[in-house]
Amino acid sequence: MRIFVTGGAGYIGSHFCVAALQAGHDVVVFDNFCNSDPGVPSRIARIARRPCSVVTGDVRRKQDISNALRSAQPDLVVHLAGLKAVGDSVARPLDYFETNVGGTACLLEAMKEHGVHRLIFSSSATVYGQPVELPLKESHPLNPTNPYGRSKLMAEWLCDDFQRAEGNVSIVVLRYFNPVGAHPSGGIGDDPVGVPNNLMPFVTQVASGQRERLHIFGTDYPTPDGTGVRDYLHVCDLAEGHLAAISRSDTPGFVTVNLGTGTGYSVLDVVRTFERETGRAIPVAYGKRREGDLAQYYADPARALHLLNWRARRDLGEMCRDAWAWQRGSSTE
Ligand code: NAD
Ligand code: UDP
């Protein structure tokens, strides 16, 4: 198939592009590189040993996306382009709605114009908000607690309404839990600008000596060791989840699917596993809870297994080893 990947140069997009190329698909990356390096597509090609096409453009600009779809004529779109930092979304909500909702509207309009009927949309488990019941099933109430989550939920609704109106369109919404790790080659990975917000990139920067210690946000959660629990998922498993969604997205309809492992690990589990797997010490400082954080968050992955025949295969040790291989490679570049 010919797959058009918005945000294909980003963290998740680059891993998806490698997996898609290796599975024999043709890939067109569409990205404005606002949060990625323009050198990423050539790294993707090096790892996959196959080139991908690249179009520089902005999903917020209808003309950019329409021109790109006209010339690419893809069978399917994977829509990953978006803004994703929760704290940043609180500070500048309009940008988040413009990109995550407005950008999705532009894309759907251009897909309609050019007769592209299949879409895989990157959503986030953050659309569930405070858990009422764990593990989180797709039927859990949707009550996001920040502008980022609300923009993702609005984009999901847009997709749902568009699918109902068009009828012959297939849309699979993937709700990711906590993607971590990197491609085992060490050639691509998470590359946050400035101080990382997320746990794993912070841990790898402490391990490499770029930061002195990890600040653990909260030790009094109602969890086995008092630190926050999340469903960490290897980014290569996540990429394979998209391939599974593609191979089962050939019938019209709208469906939401969690992509997670179903297992929660605490911050201390991550730190200890990282230390054991890499032999690096992670000094920690125990501190207060981070505002807006939830105690526990993990998926019920049953629908992904049932509908997509997909389940995560890589364990926390592999996530830590691959995150560390990427960090080592990128800090000596
Ligand atoms: P990322 O920032 O690494 O990648 C996003 C890519 O989209 C970047 O290459 C960026 O340059 C591009 N982009 C942003 N705005 C654009 C625009 N207006 N036009 C064209 N390109 C644009 O993020 P990621 O971690 O790879 O996330 C990809 C998607 O997955 C996002 O939609 C995000 O909301 C979603 N998601 C991510 C996580 C996570 O933890 N990383 C979790 C849940 C959902
Ligand atoms: N966390 C932490 N220190 C950090 C970053 C994160 O203790 O520097 C904790 C955070 O409180 C949460 C877990 O690690 O319990 C995962 O945080 P992350 O931001 O990666 O994911 P999210 O909270 O968005 O699911």
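The values are calculated or read from the model by the stated rules, or taken from the named source; none is laboratory data. Keep in mind it's a predicted model, so treat the numbers as computed, not measured. Cβ sites come from the backbone with ideal geometry, for glycine too, and all protein chains shown count toward neighbours. Remember, those area values only see protein heavy atoms, side chains included, never the ligands or the DNA or RNA. Shrake-Rupley method; radii C 1.70, N 1.55, O 1.52, S 1.80 Å.
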Amide H neighbours of V5 at under 5 Å, excluding residues fewer than 5 places away on the same chain, with H built from the backbone geometry, are V28, V29, F30, V78
Under the Karplus relation with 6.51, -1.76 and 1.60 and θ = phi - 60°, whole-Hz ³J(HN,Hα) for region 26-36, x at Gly and Pro, equal 8, 10, 10, 8, 10, 7, 9, 6, 6, 9, 7
Determine how large the accessible area of R2 is when every protein chain is in place; take a 1.4 Å probe and give Å² rounded to the nearest 10.
80
Express the accessible area of region 257-333 per residue in Å², computed with a 1.4 Å probe while the remaining protein chains stay in the model.
54
In nm, spacing of pseudo-spin labels at E98 and T56 (7 Å Cα→C-beta vector)
2.0
Given H placed on each backbone N at 1.01 Å, which residues far from G228 in sequence or on other chains put an amide H within less than 5 Å of it?
V267
How large are Rg and Dmax for region 141-207 when only the alpha carbon atoms are used, in Å?
17.0, 51
Is the shape of region 241-294 best called rounded, prolate or oblate, per the rule: a/c under 1.5 gives rounded, else a/b larger than b/c gives prolate, else oblate, with a ≥ b ≥ c the square roots of the Cα gyration tensor eigenvalues?
oblate
For D37 and A91, compute 0.36 nm times the residue count separating them, minus their Cα-Cα distance, and round to one decimal in nm.
17.0 nm
S247 paired with T145, simple spin-label distance in nm, labels 7 Å along Cα-to-beta-carbon
3.8
In whole percent, the fraction of accessible protein surface over the chain that belongs to carbon or sulfur atoms, probe radius 1.4 Å, stands at 48
Sequence of E291, E138, E212, E318 from largest to smallest accessible area, 1.4 Å probe:
E291, E212, E318, E138
At a 10 angstrom cut-off on C-beta neighbours, averaged per residue, how do the peptides 167-173, 36-42, 324-330 rank from highest to lowest?
324-330, 167-173, 36-42
Using a Gaussian network model on the chain with a 10 Å cutoff between Cα atoms, which of H117, H306, H215 fluctuates the most?
H306
Per residue, what volume in Å³ does the Cα convex hull of region 189-262 take up?
145
Relative to the first principal axis of the alpha-carbon coordinates of the chain, what is the inclination of helix 62-72, with its axis defined by its Cα atoms, in degrees from 0 to 90 and to the nearest 10?
80
Kirkwood hydrodynamic radius, the chain, all distinct C-alpha pairs: what's the number in Å?
20.1
